Amino acid sequence: MDASLRSAQRLLDRWAPTARSTDGFGPTLETLPRPGESPRLVPARTVEGGPVRARRVPGAPEVAFGAFLDGTQQTHVLRHECTVPIVFGTAAAVVRVRRNRRLVTWGRGPLRDGRFYVPRALVSDAFWTQVAGLGAMDTGAHLGPDDQGIAPDGVHPTSLAERALHFVQAKREQLERTLAEDWCRTERSPLYIDGGISGSETVARAPCSVGVVKAHRTLYVGPDDLPVLATLGAGERTTAFRLAVGRRTPVLSWYLRCRHAPGREPTWGLVRVEVAELDAAAVTARADEVSRWVLAETAPLALPDPRWHALAYGIRDCEEFLRAIM
Amino acid sequence: MSGTGPDGNGRAPGEPAAWPGTGDARPPLGRVVATERRPNTPHEFHFWTALDASVGIGTIVRVEGRHAINGQIPTVYGVVVEGFGYTDLQSPLYDVLSADGSPAQASRAATERTEIRLYTAAVLRQIPEEPLQPVPIGDVFLATDEDVACALRMDAYLARSGIPIGLYHAGGTDAPVYLDADFLLGPEAAHLTVTGVSGLATKTSAVEWLLASIFTHFPAEKGSIAAVCFNVKGPDLCFLDQPSVDLSDADRALYAQLAVAPDPFANVRYFAPYTPRGYALNTLRSHEALAHNVAPLVWGLREVMQFADVLLTREDLDAKADALVDFIREMVVGRQFTDGMLPRAYEVQSFADLDEWFRDVLRALEKHNQESWRTHHVATIRKIRNRLSNIAQRCAGLVTNDARVSDLPWGSFVDRTVYVIDVANLEEDAQDLIFARVVSKLREHLERRDLGVNHVVVFVDELNKYAPGDGPDTYVRKMLLDLAERGRYLGLVLFGAQQFRSQVHRRVVGNAGTALFGRMDADELATPGYAVLSPAVRTRLATLEKGQLMVRHPHFTQPIFVRFPRPPVLSGRIGAERFPQAAETSLEGAVTRSLRVLDPGITLEWVKGVTALYEPAEILRARANTERERPTDVRAYFKAQFRAVVPPKPVVSQPLGVPIRAAPTDDPYGF
């Protein structure tokens, strides 16, 4: 456990001595089972002409990424003020830049944030005053334009904890976005971002940012295209498509199979790549180029991480770095 | 944070003059780490560094603690004894998979795995020394010159009695390392052993260098010092007074840093017995150009009898024989001896006299039909006569039948002088006799404080042979043990060298306060005596370059690696090429060579003319007397040693007298 978490624990001992204590720090909320997003298919419009089909990436893998970006978070319920969970969340993000084939931290170092996540309306004024002085975040506030706040039945302790978790997640995304935007403003070499890039307009439009998504609960293909995806060979990509989700910035995307996957589940070794939109005439060349970059990051392996088949070593290095400093 | 400066260790442009909170201008080299499975202790700690940090086995580092103890920030000095390097790879198979089984492909990977250099250091010193606590977490710095002095506790004796042994070199730091004269040459501790494989210029070179350092830096207020070196093999020590021809600039720089002049020994005297024929000295230093300081080593009965035990085996020397030897030593040799049973008075001065005395005793016993004389049985007398009489044959060249003696200058040893005794070509018995007598005499004179110097370093190579850990308890081993255990009180210091320390008697090596190690044999390093060293230190010992040593000294809590320069003297190998051994010559040639040292004008023809009429024994005696007396007029003195001999005159034919008239055959009366 990190020092800030212990400090938070000590502060709570002082401010809320009667609060119901948890049994130690316990597992983080991120590790607890929770209902996830339902798997779904969302067909997207291809931009290379024709339906979704497999395309072999021409040429040898090419080392081009100058850096890798990833973030992480840890959320703990430290106490319960009556039934209200007092959550302490830590989020961090880092860019690890590659110099002489070794990864070192870029710029001013990682971004870290640790604070209390408490629904203001559900705790005493005195307690809120104390934690607010340390920058506590009110989890009763709206998380985004689509967020309705705490529903009447949302005061269930578990719901409140999950809501806090979403706030911590948003903080992590904000840190990642900050770093990505800094990179795009100051650097030229391509940045390998773990996850999508459409959350930030600056990043989504930057030619140097490449988002690589490993999770596939939402597949941006139609039911008829699934066989293409399932039989995609190593070093092959799908036809590129335009991805425009809600208020997010539209980006160019395609699926890429990084490793041979005979006999494995369909998404094994599969990543979805996001880059900034560009003219239709340049899409194929761009998709092939970036695919070569991504394929170059398949070695060294990110083992023993269970996601090693789709996880770049540079991203694993970011995770290990953040784990060391959290 | 962990990176070094652009010069490897120095300060990069723009870096602060002093690293925050440390007073050190250089950035930290590493950082102490401790885990539950690998905790720090008061005697050991672990730290990691950048991959390109100038750290290796033997590097001295300084740890700056972060929290004050009793108001003082702790500083810990340590020496690296082990190193580890690993990556985040959990199984080698992962690397194979990464590269599809192709090593070439692995080396082309875009990113190299995260890698660590983790070192283990043994604590040399903690400040404050109390309370003694586990090494704190903190920044690790390369040791500076001052740090090295402090870490090795040299600050306590540097100004008083420091003897440079070499240069500690690591990461841009070149710090002289000093031994404490009080712990090297007594009285606090003493003695030194040097261990290393043969032929790598470690043992002899190290001792030659150290003697030069001692002669330069031994404090005058501690008295005078000399060295007695036994040259036991080849020409190793035969050219100590000749300058080296292969000193490099680096060597000269080392000499300058260690404040020792790169000059050969100014005062060296050589001693060697004669060859068994007795004509020439039995040494590789027989070149005429080097003869000026070579003297014969010749002993007679009186010198040998005191150490007869050395030459008598355990089987010979039972109680009865021992009693008879004691009797002869105490009552016969060098005294007027009379006995009612013997025909005359005796004054036994030489082996020849002794043999005559034995002969008369045995004859008397036969004449009187007795089996014992003065409680000594006739068989014992015969045995001891046999054993003692052949000593001169067994040690021919060293021991003479007559009474002439040429010995070391007992009582007039000179400060900062090396006395080399060349025993390389002698039989084992003669070597043993020389070791025993020389060391015993040194001890006697130092006890009486009349040797001429206050301290003597005795250098003996091949201690494996002379003081082995197993085998029979020889007189020489007993003498070396005695020297090792009690010599330091007298100022008698043993510098021993051996290839296999494990095979030297443990009381000899155990009493050596200082130990030097050159490159070691792997088999030797596998013996239990080296178990205290880490595997990495043992590996370094097995791969040490020429000119590198590992030093153990009472002030150093851990062994330290140093560099030392080539010795300032001509090496034995080169010396033997430059000054080849003089060929075995005739008696007259050998005498000429000896006398030329005293009078360069003497010629072979002159010697032949003087010695033509005399027996070899007489000629050798005359040479010995002349060498001993070193007269002003060498020619006259040498000639005077011979008895007068009337030269034979040729027979002149003389005319016969008047022949006697022949008698007539028919006149038998001659009328």
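Within 10 Å of the Cβ of each residue in B:93-102, the mean number of Cβ atoms contributed by other protein chains is 3.
Where the centre of each part is set by its Cα atoms, how far does region B:573-626 sit from region B:217-270, in angstrom? The distance from the Cα centre of region B:573-626 to that of region B:217-270 comes to 30 Å. Accessible surface of A:Arg163, taken over heavy atoms with a 1.4 Å probe and every protein chain present, rounds to 30 Å².
Label sites at B:Phe642 and B:Lys478, each approximated as a point 7 angstrom past Cα along Cα to Cβ, lie 4.7 nm apart.
For region B:302-394, the gyration tensor built on C-alpha atoms gives an oblate shape. Its axis ratio a/c (a ≥ b ≥ c) is at least 1.5, and a/b is not larger than b/c.
Residues of region A:272-315 whose accessible area (probe 1.4 Å, heavy atoms of protein chains only) drops by at least 30 Å² once all protein chains are present, relative to their chain alone: A:Ala299, A:Pro300, A:Leu301, A:Leu303, A:Pro304, A:Tyr313. What region B:585-640 shows is 50 Å² of accessible area per residue, with the surface traced by a 1.4 Å probe over protein heavy atoms. Rolling a 1.4 angstrom probe over the protein heavy atoms with all chains in place gives region B:302-394 an accessible area of 52 Å² per residue.
Secondary-structure-derived ellipticity at 222 nm for chain A, considering helices only, amounts to -9000 deg cm²/dmol, per-run term -39500 (n - 2.57) for DSSP H runs with n ≥ 4. With a 10 Å cut-off around each Cβ of A:316-323, the average count of Cβ atoms from other chains is 1.
With all protein chains in place and ligands, DNA and RNA left out, the 1.4 Å accessible area ranks B:Met154, B:Met331, A:Met326 as B:Met331, A:Met326, B:Met154, largest first. Taking amide H as placed 1.01 Å from N in the peptide plane, B:Leu570 has its amide H under 5 Å from the amide H of B:Gln242, B:Ser244, each at least 5 places away in sequence or on another chain. Where both bridge residues fall in chain B, DSSP classifies roughly 65% of the beta bridges as antiparallel.
If R0 is taken as 35 Å, the Cβ-Cβ distance between A:Asp146 and A:His260 corresponds to a FRET efficiency of 0.30. Rounded to the nearest Hz, the phi-derived 3J(HN,Hα) couplings of region A:303-319 under the Karplus curve 6.51 cos²θ - 1.76 cosθ + 1.60 (θ = phi - 60°) are 4, x, 4, x, 8, 4, 5, 10, 9, 6, 4, x, 6, 4, 4, 4, 5, where x marks glycine and proline. Taking amide hydrogens as placed 1.01 Å from N in the peptide plane, the amide H of B:Leu179 sits under 5 Å from those of B:Ile163, B:Ile165, each at least 5 positions away in sequence or on another chain. Surface composition of the protein assembly as shown: carbon plus sulfur atoms contribute 51% of the solvent-accessible area (1.4 Å probe, protein chains only, all chains present). Label-to-label distance for A:Ala285 and B:Leu604 is 9.8 nm, based on points extended 7 Å past Cα in the beta-carbon direction.
Per residue, the average separation of C-alpha pairs within less than 8 Å and at least 6 apart gives region B:405-471 a relative contact order of 46 percent. Summed over the residues of chain A and divided among them, the accessible surface reaches 46 Å² per residue at a probe radius of 1.4 Å.
When all protein chains stay in place and ligands, DNA and RNA are ignored, the 1.4 Å accessible-area order of B:Glu347, A:Glu274, B:Glu618, largest first, is B:Glu347, B:Glu618, A:Glu274. Placing one equal scatterer on every Cα of chain B and applying the Debye formula, the log10 ratio I(q)/I(0) at q = 0.06, 0.07, 0.10 Å⁻¹ is -0.49, -0.62, -1.00. Would you mind checking which residues have amide H under 5 Å from B:Ala190's amide H? H placed 1.01 Å from N; only 5 or more apart, or other chain. It is B:Gly513, by chain and number. Between the alpha-carbon centres of region B:440-496 and region B:308-380 there is a gap of 31 Å.
Placing +1 on the Cβ of every Lys and Arg and -1 on the Cβ of every Asp and Glu, with no other charges, gives region B:30-151 a dipole of roughly 180 debye about its Cα centre. When Rg and Dmax are taken over the Cα atoms of chain A, they come to 21.4, 66 Å. Over all pairs of different C-alpha atoms in region B:30-151, the reciprocal of the mean inverse distance, the Kirkwood hydrodynamic radius, equals 16.0 Å. When DSSP beta bridges are restricted to pairs lying wholly in the protein assembly as shown, around 70% turn out antiparallel. FRET efficiency for the pair B:Arg277 and A:Asn100, taken as 1/(1 + (r/R0)^6) with r the Cβ-Cβ distance and R0 = 60 Å, rounds to 0.20. With all protein chains in place and ligands, DNA and RNA left out, the 1.4 Å accessible area ranks B:Ile214, B:Ile57 as B:Ile57, B:Ile214, largest first. In whole angstrom, how far apart do the alpha carbon centroids of region B:57-75 and region A:141-170 sit? The distance from the Cα centre of region B:57-75 to that of region A:141-170 comes to 50 Å. Given +1 at the Cβ of Lys and Arg, -1 at the Cβ of Asp and Glu and no other charges, the dipole of the protein assembly as shown around its Cα centre is 840 debye to the nearest 20.
In loop segments of region B:288-343 as defined by DSSP, the trypsin sites (Lys or Arg not before Pro) with at most 13 further C-beta atoms inside 10 Å of their C-beta are B:Arg314, B:Arg335.
For the options A:Ala280, A:Ala54, A:Ala164, a Gaussian network treatment of chain A with springs between C-alpha atoms closer than 10 Å singles out A:Ala280 as fluctuating the most. Pairwise inverse Cα distances across the protein assembly as shown, averaged and inverted, put the Kirkwood hydrodynamic radius at 37.0 Å. Rolling a 1.4 Å probe over the protein chains gives B:Asp523 an accessible area of about 120 Å². Largest first and in whole Å, the equivalent-ellipsoid semi-axes of region A:110-197 read 31, 16, 10, each the square root of five times a Cα gyration tensor eigenvalue. Residues of region A:92-112 whose accessible area, computed with a 1.4 Å probe over protein heavy atoms, drops by at least 40 Å² once all protein chains are present relative to their chain alone are A:Arg101, A:Arg102. Based on Cα contacts under 8 Å between residues 6+ apart, chain B shows a relative contact order of 17 percent. Across peptide B:111-117, what mean number of C-beta atoms from other chains lies inside 10 Å of a residue's C-beta? Partner Cβ neighbours, averaged per residue: 6. Straight-line cross-link reach from B:Lys233 at under 29 Å between alpha-carbon atoms covers these lysines, not counting any fewer than eight positions away in the same chain: B:Lys203, B:Lys441, B:Lys465, B:Lys478, B:Lys546. Chain B packed on chain A takes about 1500 Å² of accessible surface away from a 1.4 Å probe, both sides summed.
Each residue was assigned an accessible area with a 1.4 Å probe, and for B:His553 the value is about 10 Å².
The values are calculated or read from the model by the stated rules, or taken from the named source; none is laboratory data. Computed from a prediction, not measured in an experiment: that's the story for all the values here. All Cβ positions, even for glycine, are placed from backbone atoms using ideal geometry, and neighbour counts span all protein chains on display. The protein model used for the area step is the full one, side chains on, heavy atoms only, and it has no ligands, DNA or RNA in it. Shrake-Rupley method; radii C 1.70, N 1.55, O 1.52, S 1.80 Å.
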